[in-house]
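Structure first, commentary second.
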Protein chains: 2
Amino acid sequence: MPFPEIAWFQAAPKRRRFLAGISGGADSVALLHLLHRHGFREVVVCHLDHGLRGRASTSDARFVEKLAASLGYPCESGKTDVRAVMRDHGDSLETAAREARHAFFALCSRKHRCPRLLLAHHADDQAETVLWNLLRGSRGLSGMLENQVLQVAGRPLECQRPLLLLRRDDLRGWLSAEKLTWREDVTNGKPIAVRNRLRHEVLPLLSDIARRDVTESLVRAAGSSCEHRVIERWAVKQADVLDPQGRLHLPKLRTLPRELQAACLYDYLRNSGVTGLSRELVLRGLALLDVDGPPAVNLPGGRVLRRRAGRLFMA
Amino acid sequence: MPFPEIAWFQAAPKRRRFLAGISGGADSVALLHLLHRHGFREVVVCHLDHGLRGRASTSDARFVEKLAASLGYPCESGKTDVRAVMRDHGDSLETAAREARHAFFALCSRKHRCPRLLLAHHADDQAETVLWNLLRGSRGLSGMLENQVLQVAGRPLECQRPLLLLRRDDLRGWLSAEKLTWREDVTNGKPIAVRNRLRHEVLPLLSDIARRDVTESLVRAAGSSCEHRVIERWAVKQADVLDPQGRLHLPKLRTLPRELQAACLYDYLRNSGVTGLSRELVLRGLALLDVDGPPAVNLPGGRVLRRRAGRLFMA
């Protein structure tokens, strides 16, 4: 059964090395077979056992190792105890699992000298992510990017998602038609209960009300939100609000619309290594533009954003 | 009972004339009383009977007329038969009702020489609008703006929504505490079934899953989407892609990221009076940037976007 053409598989160089995050579920198994069939040679299969499903977890790992071997790809297997990390750090299961995966992928990246990681997220994942981020009240509409550079342990890791516009059912349909097997119920550390409810309760209800498959709508909305981010980045660059010493130049900043001032300040703080940036924090920072306002604002991590002589800077 | 301070009521000049769209429902009745209590003198109450609820519609109109008289405001009442418009034009009920309201408000605007219209939409309306636009697959995340200029019958009508950050329950609670009455079930031409399902099925389900009141999250997301629009407008202006004849300058356009090219072309087409712009149409227009691509693209209304001598223009 021919698979619908995906531009990524045509465009990417076949001899380039890629890490591939493979859980053993249908999506990542499809990704791996597609890589193989399109002639990609230098794929490193990376599987992290989250230790969440006891013996089934171990079987998942064995399944992925065998699959990698059958395709002639090397396999890196890791094991972690996400629940223990969660207990120790007070993180949510989702956060602990994500951090464990990132640390594992960073390890694989160093070992294989490969900064590129392929992930098998598809359109249905994207729709759930968009909804979930919307419910959590994250800034604007945000979905996953087809290309995204993560900073993990101080090094960049380029994540690519070649399947992001494909539907889950199409991937499974193709696997079945090709008589390829996968592991069901593979855990990937997502908040299973929430994901399941979004998938089985919310999306069908929304599709019923809208009388259309709303997954497409959500994926499209995520796409145009990515466009917004590109335009915002261009605007921040164009605004050119840094002085030669890399401090924020207040007279320039004051000529911009408030919304772009916020984007510039957000960018400056992030580039200065401030983490845990909230909308409220950026708004408090913007109050420094007013000469009658406070001369400094405290930031997380004991740092301070200060106004002096027409400049804002980190002190 | 003191009402939470709303910046709009403090900032707006009390002697300025405003039209107010008043259906007779709790939200618009609250808006009208708040205007009165804050000392606004020049309010013109505008009520359109959509003719959708028979005798109840007429009672709504009488209620609004009496309320206006009791507050000393003039009242403009109009009547339309939205279902007939719907049949004649093949529009949806929502579209027919909206167009009837806009035409009526434009009439009131001319008669009273007032380009400002106040509308009583609140945060719960905003959350439903965000969800509904998301489900319909509109571009990006879009909600209602606190300030929005509508072009109605070729003239600008400035819509303002002073209650947009307030919650429905707070408005009703205030009315009840003040022993002020309103009309229940006032129809405003929205797709009642969809709105009701979003309100009574979707929002409670989402709040249950997220374990928080997601209305706040949706309103916040709409806000940051408005910020995006401001930044996009700034970026389009900054990109400065028109030549002295008002045509799109291709060499300039080609220096921009694809996403901003799309925004510039969208802006150019809209300013040229092209209606019914879809994402697909803009993408087809962008194909003209490629000198090996087609030299012209057909637009709705028999118009043509053409490439010649390094320019794109309407022919």
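The values are calculated or read from the model by the stated rules, or taken from the named source; none is laboratory data. Quantities reported herein were computed from a predicted structural model and do not represent experimental measurements. So basically every Cβ, Gly included, is an ideal-geometry build from the backbone, and we count neighbours across all protein chains shown.
Side notes on the structure shown:
- Here residue A:228 passes the criteria (1) touching a His at 6+ places or on another chain (Cβ under 8 Å); (2) modelled with pLDDT of 95 or more except the one numbered (2).
- Subset of the range A:102-111 that is in contact with a Lys or Arg (Cβ under 9 Å, 6 or more places away or on another chain) and buried (at least 17 other Cβ atoms within 10 Å of the Cβ) - its residue that is nearest to the other protein chains (Cβ to nearest Cβ): A:109
- As a summary of the residue check, residue A:98 satisfies the conditions (1) in contact with a helix residue (DSSP H, G or I) (Cβ under 6 Å, 6 or more places away or on another chain); (2) within 19 Å of residue A:146 (Cα to Cα) except for the one numbered (1).
- When the range B:15-62 is filtered for residues that are out of contact with any Cys (no Cβ under 9 Å at 6 or more places or on another chain), of a type in the set (Val, Ile, Thr) and surrounded by 15 or more Cβ atoms within 10 Å (Cβ to Cβ), the ones remaining, listed by number, are B:29, B:43.
- Failed criterion for residue B:64 (all others in (1) in contact (Cβ under 8 Å) with a residue 40 or more places away in the chain; (2) assigned to a helix (DSSP H, G or I); (3) touching a helix residue (DSSP H, G or I) at 6+ places or on another chain (Cβ under 8 Å) hold): (3)
- Test for residue B:223: is it on the phi > 0 side of the Ramachandran plot and modelled with pLDDT under 85: no
- Yes/no for residue B:275 being more than 14 Å from chain A (Cβ to nearest Cβ) and either at pLDDT 90 or above or farther than 27 Å from residue A:255 by Cβ (or both): yes
- All positions within the range B:198-217 that are within 8 Å of another protein chain (Cβ to nearest Cβ) and at pLDDT 90 or above: B:198, B:201, B:202, B:205, B:206, B:209, B:214
- Residue A:208 charged (D, E, K, R) and touching a residue at least 40 places away in the same chain (Cβ under 8 Å): no
- Filtering A:19, A:32 for residues that are touching a residue at least 24 places away in the same chain (Cβ under 8 Å), in a helix (DSSP H, G or I) and either over 14 Å from residue A:162 (Cα atoms) or within 23 Å of the chain's Cα centre (by Cα) (or both) leaves a single hit, A:32.
- Among the residues of the range B:252-266, those that are crowded, with 18+ Cβ neighbours inside 10 Å and either within 29 Å of the chain's Cα centre (by Cα) or away from every other protein chain (no Cβ under 11 Å) (or both) comprise B:253, B:259, B:260, B:261, B:262, B:263, B:264, B:265, B:266.
- Answer residue from the range A:291-315, given it is charged (D, E, K, R) and surrounded by fewer than 18 Cβ atoms within 10 Å (Cβ to Cβ) and is nearest to the other protein chains (Cβ to nearest Cβ) among those: A:292
- Residue count for the range B:128-138, restricted to those that are within 10 Å of chain A (Cβ to nearest Cβ) and under 12 Å from residue B:218 (Cβ atoms): 5.
- The lone exception for residue A:288 - which of (1) of a type outside the set (Lys, Arg); (2) in contact with a Pro (Cβ under 9 Å, 6 or more places away or on another chain); (3) facing another protein chain (nearest Cβ under 9 Å) it fails: (3)
- Subset of the range B:235-251 [within 13 Å of another protein chain (Cβ to nearest Cβ), assigned to a helix (DSSP H, G or I) and surrounded by fewer than 20 Cβ atoms within 10 Å (Cβ to Cβ)]: B:237, B:238
- Pairs, first more than 14 Å from chain B (Cβ to nearest Cβ) and under 15 Å from residue A:221 (Cβ atoms) in the range A:139-152, second at pLDDT 80 or above and surrounded by 13 or more Cβ atoms within 10 Å (Cβ to Cβ), C-beta under 7 Å, six or more apart: A:144/A:121; A:144/A:126; A:144/A:129; A:144/A:161; A:144/A:164
- Residue in the range B:71-80 that is β-branched (Val, Ile, Thr) and either part of a helix (DSSP H, G or I) or over 27 Å from residue B:44 (Cα atoms) (or both) present: no
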